[in-house]
Amino acid sequence: IAKTQNLGVFAYDPSVDAHSPAKLALLGDLRRALSSGQLVLHYQPKVNLTSGEIVGAEALIRWEHPVKGLISPDAFIPLAEHTGLIGPLTSHVLDSALAQARIWIDAGAPLTVSVNLSARSLLDDGLPQQVAESLAKHRVPAELLELEITESALMAEPVQAQRLLAMLALMGIRLSIDDFGAGYTSLGQLKNLPITEIKIDKSFILNMGLEPSDALIAHSIIDLGHNLGMTVLAEGVETAEALNHLTTFDCDSAQGFYLCRPVSAAAFDEWRDAYRT
Ligand code: C2E
Ligand code: CA
Ligand code: CA
Ligand code: CA
């Protein structure tokens, strides 16, 4: 009990009342979805701004609900986090993403895949072992896996997070801080984490052309990341204008609707083929 009190991000959230009849029904559906292949991954490219090369693909989960259609992760990840289903869900995502990484290796076009970790996963001591097993199962080198951890999750459990990230980094896995700038990272802490990439939160990128202060913040984060020896990616790039700003600011890479929306693996491959030629 003492422990849960420290976890700001897990504090009771009335919008995630897992006991309401609607939520209970959804939870039952979600359990079945997990075992019946309705939870699928879409992929969105990460593009290097200097070379134009595709440097990776972020796996984003979607629920293909037989009645309700495509459900976005924001509608069920919080529920999974509050009910213990996040563990099996994360295993499923990791396994599917690494299976896809293997397909790309076999096709002669290896690509780093990025998997989102929930805040809860940082408290799971079994995670490094589970990641190692999944990498071995699919014969994917650790360097082709990147784990994205949100800034707020890191700061909620800094000691535990630092231990876990150290283990994952030792294994050769790349680590990215997601939603950077939206939270409250202590800069002192940042320098002690074995992070390879910072992802600037899209809230600063979406209106960069209209909001000089957003552009200023993005520029500052890029410089900060570089000074700490990290690469910096901007998410939420929706316009050519934003892309130009970021190039001027020396941002390393970008992700966003302007480049490509998250799409099925098949559509991703088509997009990649067209992009290369
Ligand atoms: P995130 O990790 O910050 O992912 C970025 C979100 O921004 C994605 O929403 C993506 O579709 C969206 N996005 C990408 N480009 C643009 C753009 O140019 N403009 C705008 N407005 N949005 C853009 P999505 O796929 O709905 O995912 C929402 C959140 O759900 C993710 O935020 C992540 O926190 C969580 N999530 C997704 N997949 C997983 C997963 O497999 N496991 C866990 N634990 N969380 C996941
Ligand atoms: Ca992410
Ligand atoms: Ca993000
Ligand atoms: Ca987010």
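The values are calculated or read from the model by the stated rules, or taken from the named source; none is laboratory data. Since the model is a prediction, treat every value here as computed from it, not as a measurement. Because the Cβ atoms are built from the backbone with ideal geometry, glycine has one as well, and the counts that use them run over all protein chains shown. Just the protein is used for accessible areas: all its heavy atoms, side chains included, with ligands, DNA and RNA removed. Shrake-Rupley method; radii C 1.70, N 1.55, O 1.52, S 1.80 Å.
Data table
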item	result
Every pair of residues 6+ apart whose Cβ atoms lie under 9 Å, when the first sits in segment 92-120 and is aromatic (Phe, Trp, Tyr) while the second is part of a loop (DSSP other than H, G, I, E, B) and at pLDDT 95 or above	TRP104/PRO110; TRP104/LEU111
Enumerated helices (runs of 4 or more DSSP H) restricted to segment 8-124, each holding at least 2 residues that are β-branched (Val, Ile, Thr)	77-83, 86-106
Meets criteria (away from ligand 3 (no atom under 16 Å from the Cβ) and touching a strand residue (DSSP E or B) at 6+ places or on another chain (Cβ under 6 Å)) for LEU190	no
Every residue from segment 136-165 that is among the β-branched types (Val, Ile, Thr) and within 16 Å of ligand 3 (Cβ to nearest atom)	ILE149, THR150
Residue identified as surrounded by 20 or more Cβ atoms within 10 Å (Cβ to Cβ), more than 24 Å from ASP252 (Cβ to Cβ) and under 14 Å from the mean Cα position of the chain (by Cα) among SER96, SER121	SER121
Lone qualifier among ALA218, ALA242 - being surrounded by 19 or more Cβ atoms within 10 Å (Cβ to Cβ), part of a helix (DSSP H, G or I), in contact (Cβ under 8 Å) with a residue 12 or more places away in the chain and in contact with a Phe, Trp or Tyr (Cβ under 6 Å, 6 or more places away or on another chain)	ALA218
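One line per residue, one yes/no per condition, for (1) modelled with pLDDT under 95; (2) open to solvent by less than 10 Å² (accessible area, probe 1.4 Å); (3) away from ligand 4 (no atom under 16 Å from the Cβ):
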{"site": "ALA136", "(1), (2), (3)": "no, no, yes"}
{"site": "PRO141", "(1), (2), (3)": "no, no, yes"}
{"site": "GLU148", "(1), (2), (3)": "no, yes, no"}
{"site": "GLU157", "(1), (2), (3)": "yes, no, yes"}
{"site": "GLY181", "(1), (2), (3)": "yes, no, no"}
{"site": "ASP201", "(1), (2), (3)": "no, no, no"}
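Residue-by-condition table, conditions (1) crowded, with 21+ Cβ neighbours inside 10 Å; (2) within 24 Å of LEU30 (Cα to Cα); (3) modelled with pLDDT of 95 or more:
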residue	(1), (2), (3)
SER51	no, no, yes
GLY56	yes, no, yes
LEU60	no, yes, yes
LYS68	no, yes, no
LEU79	no, yes, no
GLY84	no, yes, no
